[in-house]
Amino acid sequence: MGDTTASPRLGTLIIGNCQAGVQLASTLRELGDTDPITLVGEEPHAPYQRPPLSKAFLKGEATADSLAFRSHDFYREHSIDLVPRERIFRIIRTADGGVATAESGRTFAFARLALTTGAVPRTIPFEGSELEGVSYLRTATEATVLEQQLREARNVVVVGGGFIGLEVAAGARAAGKNVTVLEAAPRLVGRAVSEQTSEFYLQAHRRRGIRVVLNAQVVRFVGEHDRVTGVELGAGDADGSGEIVAADVVLIGVGVVPRTELAVQARPRGRKRHRGGRQGPRLRRAHRGRRGLREHAEPVDRGLRRRPHPPRKRAECRRAGQGGRGDPARAPGRAPDGAVVLVGPGRPQTADRRAEWWA
Ligand SMILES: Cc1cc2nc3c(=O)[nH]c(=O)nc-3n(C[C@H](O)[C@H](O)[C@H](O)COP(=O)(O)OP(=O)(O)OC[C@H]3O[C@@H](n4cnc5c(N)ncnc54)[C@H](O)[C@@H]3O)c2cc1C
């Protein structure tokens, strides 16, 4: 499959070549699918693990190549056509599948389509967001830039006391930087952990010399010569009182927004947006042949509803046959629901799949 001019035989097109996409492609092969599989993604790298980006990568202990999920040989041996650097912007559905078009003009015909387009960082539109030194962290390219900036920085401010923000803060502090974490909520990692665990994180970070401001209200980023120099807090903040916190680097980690644009575009006309929960048989029939996994938030699959963060999404991870937080030791799981549906009845299916878990 893949480029419509290259091969007339249609198979599965997976848009989004990261964890969910790679896992789906390899599971389809494990389940006995012999149809063509094309895994297309906009990033320049072969599919790689994101979790180390805020950990080993920032310490200079990993590269995008070393984080690859699989070797190029794996994709070749399993006849998975890996297509990087192609951003799909249009999907046209036909009676027997459809065609996806990339911004380059390249087209990909498919019999079955899976959207594993993941998420992008939630942005905050404050004045000064465009200043050099203000960044987000999602991709290896962004991590490379951030790693260089951190190396040269003295004062680091992290906006958002979630997992990624705290990991970056801890790494920067270990490298000897002055680090401030600005969290808008009254506690750290508030959407994912209990109050006791939040308190534990708070004390652990403060003990290591990180300044943590809770109930912080960021007003704007200030800078000189297009470079960030500080973060202004709202007057009356619990700790800030209108001060400007010095910053050479600002990392914003305030959650992610699921990339639903292709799913919205490809959904059957006249159908109402589905927001999770059980679907009626009509909606399920309408979505047959099109699957969404993991951080994709248009849950076209029963049971694959989006969960906010790893500790809450273990069951989902198991269902999807892929990782959550924890030791990378392998834990029991099941084949991705999407993979089972894509392979179809009557094909080989394994009941005792194993899932990978992230450190
Ligand atoms: C810094 C960092 C640290 C993390 N740490 C942990 C951790 O410790 N534990 C944990 O469980 N999780 C962690 N996560 C989250 C974890 O990495 C994600 O849950 C996981 O990457 C989701 O995988 P995914 O395949 O669903 O989506 P994504 O990783 O978002 O991949 C989707 C891919 O689709 C591509 N794409 C999207 N739209 C298009 C399009 N139209 N055309 C072509 N390509 C497209 C994107 O470029 C992207 O490469 C971390 C994430 C980050 C960023």
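A cut-off of 5 Å between modelled amide H atoms, ignoring neighbours fewer than 5 places along the same chain, links Ala184 with Gly160, Gly161, Ala216. Rounded to the nearest 20 debye, the dipole magnitude of segment 122-255 is 500 debye, with +1 charges on Lys and Arg beta carbons, -1 on Asp and Glu beta carbons, and the Cα centre as origin.
The 3J(HN,Hα) values that the Karplus relation (6.51, -1.76, 1.60; θ = phi - 60°) gives for segment 49-57 are, in residue order, 7, 7, x, x, 4, 9, 10, 4, 4 Hz. Gly and Pro appear as x.
Summing +1 for each Lys or Arg and -1 for each Asp or Glu among the other residues whose beta-carbon sits under 10 angstrom from that of Gly255 gives +2. With all projection directions averaged, the alpha carbon convex hull of segment 122-255 covers 7.4 nm². Derived scalar couplings between HN and Hα for segment 171-179 equal x, 5, 5, 4, 8, x, 7, 7, 10 Hz in order, rounded to whole Hz, by the Karplus curve 6.51 cos²θ - 1.76 cosθ + 1.60 (θ = phi - 60°), x for Gly and Pro. Look at where the Cα atoms of segment 43-111 and of segment 151-224 average out, and the two centres are 32 Å apart. Backbone amide hydrogens, once placed in the peptide plane, bring Val134 within less than 5 Å of Val228, Val250, excluding anything fewer than 5 places away on its chain. Couplings for segment 77-94, taken from phi via the Karplus curve 6.51 cos²θ - 1.76 cosθ + 1.60 with θ = phi - 60°, read 4, 9, 6, 9, 7, 8, 10, x, 6, 10, 9, 7, 10, 9, 10, 10, 9, 10 Hz in order; Gly and Pro are left as x. Computed over segment 122-255, relative contact order equals 34 percent, with contacts defined as Cα pairs under 8 Å that lie 6+ residues apart. Take every pair of alpha-carbon atoms less than 8 Å apart whose residues are at least six positions apart; their mean separation over the length of segment 129-196 yields a relative contact order of 26 percent.
Just so you know, all these numbers are worked out from the coordinates, no wet-lab data involved. Just so you know, these numbers come straight off a predicted model, no measurement behind them. All Cβ positions, glycine included, derive from the backbone under ideal geometry; neighbour counts span all protein chains shown.
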